[in-house]
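A short write-up of the structure that comes next.
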């Protein structure tokens, strides 16, 4: 769905229960999904923010890499739009901040999450964890769930997939475990890249040892965003890679199950 129109609600009074941040605080919003079912429990309002430090080989949203790919939007406009759905999502889901990498705009995220909690909404953050150091205690206190996308277990493969180092993501995972913040681990299964059993076993062992991973979502690689790479004049290196078979998905989920984790 398109990004929130920044002028759509500017003249409207803030709805009761919406704790908006300072009127001057704005963020780059790429788009929204008002009935998302794949980004946390229940039916969710998903806010996609622009900006990401990673360059993942299988990224299906390269149009979110740069902040200016989005629309500069006041935080009170975002919260007013969320409030228009709260009667439904408060009972059946919540709000998920995604991207891009939402922590590129950590202050904006913090204000949105605080406003969502004031409305009594369940909150989730979909993140790679690479900028986890920007998630301070105030931001984390307004989070009910972290959807943590760990791309690989080894630093070498992680860097090959993303162009950045693995250490910040591992630190963030350990920090979340230290405060017992619920995590759903996300793992994108790409045949020929992220299907090595030893690599997956190492990640499963690490995740099981954290103690706060409630479930693992093994996400099959898809090519739905390939056209975006072409449209942006980018070289899509996975052109000839096919989605994983159901048998491969089952084997990988089995590895996580063997580590004592609930895997889907």
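Here is how the numbers come out for the structure above:
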quantity	calculated
Enumeration of residues in the range 33-50 that are at pLDDT 95 or above and under 16 Å from residue 71 (Cα atoms)	46, 47, 48, 49, 50
Scope the range 90-115; condition over 15 Å from residue 67 (Cβ atoms), surrounded by fewer than 24 Cβ atoms within 10 Å (Cβ to Cβ) and out of contact with any helix residue (DSSP H, G or I) (no Cβ under 8 Å at 6 or more places or on another chain); matching residues	90, 91, 92, 93
Residue satisfying condition, being more than 30 Å from residue 142 (Cβ to Cβ), under 20 Å from the mean Cα position of the chain (by Cα) and without any contact (Cβ under 8 Å) to a residue 12 or more places away in the chain, within set 257, 159, 240	159
Residue match in the range 68-77 (condition: touching a helix residue (DSSP H, G or I) at 6+ places or on another chain (Cβ under 8 Å), buried (at least 22 other Cβ atoms within 10 Å of the Cβ), over 30 Å from residue 167 (Cβ atoms) and without any contact (Cβ under 8 Å) to a residue 60 or more places away in the chain)	yes
Subset of the range 136-149 [over 10 Å from residue 183 (Cβ atoms) and crowded, with 18+ Cβ neighbours inside 10 Å]	139, 142, 143, 144, 149
Residues of the range 197-230 classified as touching a residue at least 12 places away in the same chain (Cβ under 8 Å) and either assigned to a loop (DSSP other than H, G, I, E, B) or surrounded by fewer than 20 Cβ atoms within 10 Å (Cβ to Cβ) (or both), total	23
Failed item in (1) over 18 Å from residue 253 (Cβ atoms); (2) at pLDDT below 95, with residue 153 passing the rest	(1)
Residue within the range 45-56 that is surrounded by fewer than 17 Cβ atoms within 10 Å (Cβ to Cβ) and either touching a residue at least 60 places away in the same chain (Cβ under 8 Å) or touching a helix residue (DSSP H, G or I) at 6+ places or on another chain (Cβ under 7 Å) (or both) present	yes
Top-ranked residue in the range 232-241 [being surrounded by 15 or more Cβ atoms within 10 Å (Cβ to Cβ) and out of contact with any helix residue (DSSP H, G or I) (no Cβ under 7 Å at 6 or more places or on another chain); ranked as farthest from residue 162 (Cα to Cα)]	241
Failed criterion for residue 106 (all others in (1) more than 20 Å from residue 50 (Cα to Cα); (2) modelled with pLDDT of 95 or more; (3) assigned to a helix (DSSP H, G or I) hold)	(1)
Test: residue 63 is within 15 Å of residue 28 (Cα to Cα), modelled with pLDDT of 95 or more and part of a helix (DSSP H, G or I)	no
Verdict on residue 244 being touching a strand residue (DSSP E or B) at 6+ places or on another chain (Cβ under 8 Å), surrounded by fewer than 18 Cβ atoms within 10 Å (Cβ to Cβ) and at negative phi	no
Total residues in the range 149-168, condition assigned to a helix (DSSP H, G or I) and either closer than 15 Å to residue 209 by Cβ or touching a helix residue (DSSP H, G or I) at 6+ places or on another chain (Cβ under 7 Å) (or both)	2
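For (1) under 16 Å from the mean Cα position of the chain (by Cα); (2) at pLDDT 95 or above, each residue gets a yes or a no:
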position: 4; (1), (2): no, no
position: 17; (1), (2): no, no
position: 53; (1), (2): yes, yes
position: 58; (1), (2): yes, no
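The values are calculated or read from the model by the stated rules, or taken from the named source; none is laboratory data. Just so you know, these numbers come straight off a predicted model, no measurement behind them. Backbone-built Cβ (ideal geometry, glycine too); neighbour counts: all protein chains shown.
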